[in-house]
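Structure, as structure tokens:
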Amino acid sequence: MDITISHAMMDNTAELVNIGIDGGKIIEITKDSLTPGNTAIDAQGQLVIPPFFEPHFHLDNPYLWGEVNQSGTLREAIEIYARVKKDRDLNDLVQRATEALRESLSYGVLWFRTHVDIDPIAQLRLLKGVAAVKEKFAGVMDISVIAFPQIGMARKPEIVDLMYAAMENGADIVGGIPHIERDMEDAARQIEIAFEIAKKYNADIDMHVDETDDPYWQSLELLAEKTIQENYQGRVTAGHCCSMAAWDEKTFERILAKVKTARINITTNTLTNLVIQGHGDKPPIRRGIPRLADLINAGVNVACAHDDVKNMFYPFGNMNPLFAANLAAHAGHLTTPNLIRAAFEMPLYHAAQTFGIQDYGISAGNPANLVLLPVQSDIDALRIQPVPTLVMRQGKILVQTELRRAFDPSVPN
Ligand SMILES: [Zn+2]
């Protein structure tokens, strides 16, 4: 055996197991002891889990913490970024994106989806930078690039052309932002265009949906209807979904039924939306978080993401998926055991479903993709959000982090 990991705790059964890895695959999981492999790791009771996902991020702008977003709104953030991206240096883009990805990897992320702005200012420049980053990380992280028409498409044929060009030049997934259009009619047109592009390239769709407090915007319903019409069930993801928090009950129930039939994946960007929504409200103040508990209880696949880190859109973040899951659990009232479990699974099994990864999980026969977390349960993983001590991809150890805490003897125990 190439590698053996002993005394690891399975996250779903809480059993201590020994894992044998050979040729990049998990060969055996047993309670019996294994002959130590060429590399023998004692997990000492740590949780062994499959690696994390970052399902919604913007690699073209992490750590661009400069001009201050005074209003704290999405509108001002987009305006600031429009000025910044105009003459964005691509070497700088690659360097900052690399930093974000290395952080992400250290927290156990092996699959990553990034949007990249496609518009008359960016043209395909930012895509070029992000494609270079993807290439740089080939064999380390799987990065999917989403062509993102930040300022809309319905009345902008030049952006539609750029979107097709983006799909020819390194983008994998078709993005969108229907609520940036003039009205719901134009939102429907944008969704129609996105499907035309996606079908041409047999690509998945992943959109920014209803990132506003205004209940007028219900483009999630249009997206679900189109998904069913085009037989794209399970291949479409809706990020944000903030206006859902402002819909009345009847509207929510009606759209929820369509989302379920369309098997739309929802990604909550709780971190950014908690700070960027609600600025226009007098009390009571909406916070722009989709109804996570209701969605999960209804069987909708919900993942969580960072979206941004330390930039004009969002000043905080650390790339740890458990931080995003923890915040989602807070904002979404995920506090009963089944919902806590769902929160833990959001950046793991749920996101795996969004990405369509089949051979995912700690099982014999699967690729040896795994993370060791220095906790003993899902609730403690969410609560403490520890740095993994080990991150493995296909049997190769990519990151090891040593944790050492030493109390002075005078500190009581
Ligand atoms: Zn986003």
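Only one of R286, R341 is assigned to a helix (DSSP H, G or I) and either without any contact (Cβ under 8 Å) to a residue 12 or more places away in the chain or farther than 26 Å from E196 by Cα (or both); which? Break it down into steps so the answer makes sense when it comes.
Working: R286 fails: assigned to a helix (DSSP H, G or I).
The conditions single out R341.
In region 289-298, which residues are part of a loop (DSSP other than H, G, I, E, B) and of a type in the set (A, V, I, L, M)?
If the condition is that a residue be part of a loop (DSSP other than H, G, I, E, B) and of a type in the set (A, V, I, L, M), then I289, A298 are the ones that fit.
Among residues belonging to region 52-66 that are open to solvent by 20 Å² or more (accessible area, probe 1.4 Å) and either modelled with pLDDT of 95 or more or within 15 Å of the ligand (Cβ to nearest atom) (or both), point out the one that is nearest to A100 (Cα to Cα).
Here the answer is Y63.
Kindly indicate the residue of region 163-195 that is of a type in the set (A, V, I, L, M) and farther than 16 Å from V130 by Cα and also surrounded by the fewest Cβ atoms within 10 Å (Cβ to Cβ) among those meeting that condition.
For region 163-195, the residue satisfying everything is M184.
When you look at I151, is it surrounded by fewer than 21 Cβ atoms within 10 Å (Cβ to Cβ) and within 20 Å of Y81 (Cα to Cα), yes or no? Talk me through it step by step, then tell me what you get.
On the way: surrounded by fewer than 21 Cβ atoms within 10 Å (Cβ to Cβ): yes; within 20 Å of Y81 (Cα to Cα): yes.
Answer is yes for this residue.
Residue check, C241 against (1) closer than 21 Å to I289 by Cα; (2) within 15 Å of the ligand (Cβ to nearest atom); (3) open to solvent by 40 Å² or more (accessible area, probe 1.4 Å), all met but one. Which one?
(3)
Mind telling me which of the residues A14, A40, A8, A82 ends up being open to solvent by less than 10 Å² (accessible area, probe 1.4 Å) and either away from the ligand (no atom under 16 Å from the Cβ) or among the hydrophobic types (A, V, I, L, M, F, W, C) (or both)?
After ruling out the rest, the residue left standing is A8.
Give region 378-407 a look and list any residue that's in contact with a Lys or Arg (Cβ under 9 Å, 6 or more places away or on another chain), over 19 Å from K25 (Cα atoms) and surrounded by fewer than 18 Cβ atoms within 10 Å (Cβ to Cβ), or say none.
Within region 378-407, I379 is the sole residue that qualifies.
Taking region 365-395 as the region of interest, how many residues are over 18 Å from A40 (Cα atoms) and either of a type in the set (K, R) or part of a loop (DSSP other than H, G, I, E, B) (or both)?
Total satisfying the criteria: 9.
Among the residues of region 221-236, are any of a type in the set (D, E), under 20 Å from R182 (Cβ atoms), open to solvent by less than 50 Å² (accessible area, probe 1.4 Å) and within 16 Å of the ligand (Cβ to nearest atom)? Working first, answer last.
Residues of region 221-236 that are of a type in the set (D, E), as a first pass: 221, 225, 230.
Imposing the further condition that a residue be under 20 Å from R182 (Cβ atoms) reduces the set to 221, 225.
Those still in the list that are open to solvent by less than 50 Å² (accessible area, probe 1.4 Å) too: 221.
From what's left, within 16 Å of the ligand (Cβ to nearest atom): none.
No, region 221-236 contains no residue that is of a type in the set (D, E), under 20 Å from R182 (Cβ atoms), open to solvent by less than 50 Å² (accessible area, probe 1.4 Å) and within 16 Å of the ligand (Cβ to nearest atom).
Could you please find all residues in region 296-318 being surrounded by fewer than 22 Cβ atoms within 10 Å (Cβ to Cβ) and under 19 Å from V371 (Cβ atoms)?
Hit for region 296-318 is N318, nothing else.
Can you list residue pairs whose Cβ atoms sit under 7 Å apart, with the first residue in region 46-70 being closer than 14 Å to T114 by Cβ and among the aliphatic types (A, V, I, L, M) and the second being at pLDDT 95 or above and outside any strand (DSSP E or B)? Count only pairs 6 or more apart in sequence or on different chains.
Matching pairs, first to second residue: L59/A97; L59/A100; L59/V130; L59/V133.
The values are calculated or read from the model by the stated rules, or taken from the named source; none is laboratory data. The shown structure was predicted, so the numbers you read here are calculated from the model rather than taken from an experiment. All Cβ positions, glycine included, derive from the backbone under ideal geometry; neighbour counts span all protein chains shown. To get the accessible areas, we keep the full protein, side chains included, count just its heavy atoms, and leave off ligands, DNA and RNA. Shrake-Rupley method; radii C 1.70, N 1.55, O 1.52, S 1.80 Å.
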